[in-house]
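The values are calculated or read from the model by the stated rules, or taken from the named source; none is laboratory data. Keep in mind the model is a prediction, meaning the values are calculated, not measured. Every residue, glycine among them, receives a Cβ derived from its backbone with ideal geometry; neighbour counts consider all protein chains shown. Accessible surface areas use protein heavy atoms only, side chains included; no ligands, DNA or RNA. Shrake-Rupley method; radii C 1.70, N 1.55, O 1.52, S 1.80 Å.
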Amino acid sequence: MSPRCVRRPPVLLVLVHGGAALLAVASLAVTVDAGLTERPVAVAFGVLVAVGELARWTGARVREAAPLGGAGALAYALLGEHAGRHTEHGAAQVVGVVLAGALLGSVPHIARGRGPSADQLARRLLTVGFAAVCFQPLYNQGAFDGWSGSAYALLLVALLALTALCDAVLAAALAHSRTGWPFAPLLREELRAMPGIGSAVVATGVVMALAVAVVGLWALPVFSLPLLLTQLSLRRYAAVRTTYRQTIASLARATEIAGYTPAGHARRVAALSLAVGRDLGLSGPELTVLEHAALMHDIGQLSLVDPVPDGATAGLPAAEQRRIALLGGAVVRQTGVDAAVAVVVERQADPYREQPPAARIVRAVNAYEEKAHGAGPGGPLKALEALEELRLGTAGDYAPEVVEALARVLARDCLTLPLAG
């Protein structure tokens with residue numbers, strides 16, 4: 001393997017994980033040394049976090065897989081009173097209790113090989129630690145004694161909003177470190193996701209902290225139920241979306257089953273197109289359209305009487321490419337798939353200056369995959385030649401920025417080592 005392909009943990013990743021581990025060890029040490037302050041309250045919130053982790057949405061591609069655990073952790077971090085009495089637990093105990101609850105609730109998931117990732121656990125500890133450090137020392141020093149009613153509630157909302165913003169930055173930074181995708185689009189996606197389940201977690205955390213301050217620990221189960229119901233609804237919605245994507249993938253395999261395209265071609269084009277789209281900064285909805293169009297980009301070949309050898313349409317005359325693309329778009333429209341997907345499929349053979357970004361990506365990635373098909377780990381030269389052919393075609397066939405993004409993705413993922421253009 002080339003030295004350029006040796007993967008080393010990114011510095012930022014090491015710093016984040018190391019910081020979370022240091023925070024965890026220090027908090028546990030302080031908590032064990034001083035003992036649990038207000039033990040019933042600490043146990044109740046620890047159990048709430050554990051229950052939230054037990055209800056974790058395993059395998060889900062969501063920003064917050066354990067919303068109840070997140071809300072309970074944030075509520076404990078911003079808890080100032082319990083049934084009208086001032087609390088005295090500090091930031092260290094907050095982190096220690098949250099860590100213990102999270103680990104306890106994750107045991108069944110870890111046993112099934114579906115436990116939270118190191119990134120998820122590090123984010124949970126660092127964000128809860130941030131909220132607790134912002135609130136607990138000042139509260140214990142009496143800095144918020146003059147705050148009451150709506151002003152105090154707005155203070156908690158502001159602190160949790162700032163915590164959510166820090167969590168979004170942290171999540172984007174971790175994703176950037178692991179994937180090499182541009183930071184700004186990743187952060188934009190995290191911020192766009194905040195009004196969804198993120199806002200529910202923040203709102204529930206505020207309400208829990210305020211309710212426990214007035215009525216005590218009985219507020220926890222009462223205000224946990226709405227978030228659990230919301231999580232159940234999101235699971236059903238995600239199941240529908242998963243079925244929808246599986247339907248599209250099945251339609252895309254029709255060309256492979258009929259012998260028009262090589263096995264796995266649509267899946268490879270979709271995966272590589274997504275990586276290129278992320279590198280170019282496409283948003284979440286744009287990436288969804290791109291993935292679906294890439295999966296179905298060859299469906300127009302079903303109209304051909306004689307299949308193209310290996311399904312390689314990149315070498316066909318431009319008029320024939322456009323005819324197949326238009327037929328493919330017509331098929332996609334009849335399936336009930338999003339019309340934006342049909343537009344991308346229809347326009348993938350147009351001159352790149354007239355194409356939408358997704359169509360430019362599908363065209364370039366499809367051409368690369370067809371030219372480099374069969375290169376495999378032992379054929380980097382063939383992959384390099386395919387990439388250079390695309391670079392030579394940037395005068396009219398392929399968008400230069402897409403080809404260079406493809407080169408970066410290939411180099412980053414060690415699929416090939418493209419020459420500098």
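Among the residues that make up segment 251-264, is at least one of them of a type in the set (Val, Ile, Thr), closer than 23 Å to PRO185 by Cα and in contact (Cβ under 8 Å) with a residue 40 or more places away in the chain? So far as segment 251-264 goes, no, none of its residues is of a type in the set (Val, Ile, Thr), closer than 23 Å to PRO185 by Cα and in contact (Cβ under 8 Å) with a residue 40 or more places away in the chain.
Restricting attention to segment 248-268, the residues that are exposed (fewer than 14 other Cβ atoms within 10 Å of the Cβ) and modelled with pLDDT of 80 or more total 4.
Name the single residue, out of those in segment 328-338 being in a helix (DSSP H, G or I) and open to solvent by less than 60 Å² (accessible area, probe 1.4 Å), that is farthest from ASP298 (Cα to Cα). Of everything passing the filter in segment 328-338, ALA330 is farthest from ASP298 (Cα to Cα). In this structure, VAL157 does not satisfy being surrounded by fewer than 21 Cβ atoms within 10 Å (Cβ to Cβ), in a helix (DSSP H, G or I) and free of Cβ contacts under 8 Å to residues at least 24 places away in the same chain. Being open to solvent by 60 Å² or more (accessible area, probe 1.4 Å) and at pLDDT 80 or above is the filter here, so list the residues in segment 306-326 that pass it. Hits for segment 306-326 are PRO317, ALA319, ARG322, ARG323, LEU326. Of all residues in segment 72-92, those being within 19 Å of VAL30 (Cβ to Cβ) and open to solvent by 10 Å² or more (accessible area, probe 1.4 Å) number 4. Restricting to segment 211-223, and then to whatever is out of contact with any helix residue (DSSP H, G or I) (no Cβ under 6 Å at 6 or more places or on another chain) and in a helix (DSSP H, G or I), can you tell me which residue is surrounded by the most Cβ atoms within 10 Å (Cβ to Cβ)? Among them, the one singled out is ALA213. Each residue in segment 190-210 was checked for being open to solvent by 50 Å² or more (accessible area, probe 1.4 Å) and under 12 Å from the mean Cα position of the chain (by Cα), and 2 pass. Only residues that are over 27 Å from the mean Cα position of the chain (by Cα) and part of a helix (DSSP H, G or I) were counted in segment 339-355, giving 5. Output the number of residues of segment 357-368 satisfying the condition of being open to solvent by 10 Å² or more (accessible area, probe 1.4 Å) and over 26 Å from the mean Cα position of the chain (by Cα). Result for segment 357-368: 1. Checking each residue in segment 129-151 for being in contact (Cβ under 8 Å) with a residue 60 or more places away in the chain and open to solvent by 20 Å² or more (accessible area, probe 1.4 Å) picks out only PHE144.
Each residue in segment 107-128 was checked for being open to solvent by less than 40 Å² (accessible area, probe 1.4 Å) and in contact with a Lys or Arg (Cβ under 9 Å, 6 or more places away or on another chain), and 4 of them qualify. From the list ALA314, ALA254, ALA249, ALA319, which residue is of a type in the set (Gly, Ala, Ser), out of contact with any Phe, Trp or Tyr (no Cβ under 8 Å at 6 or more places or on another chain) and farther than 25 Å from PRO357 by Cα? Unique residue meeting the criteria: ALA254.
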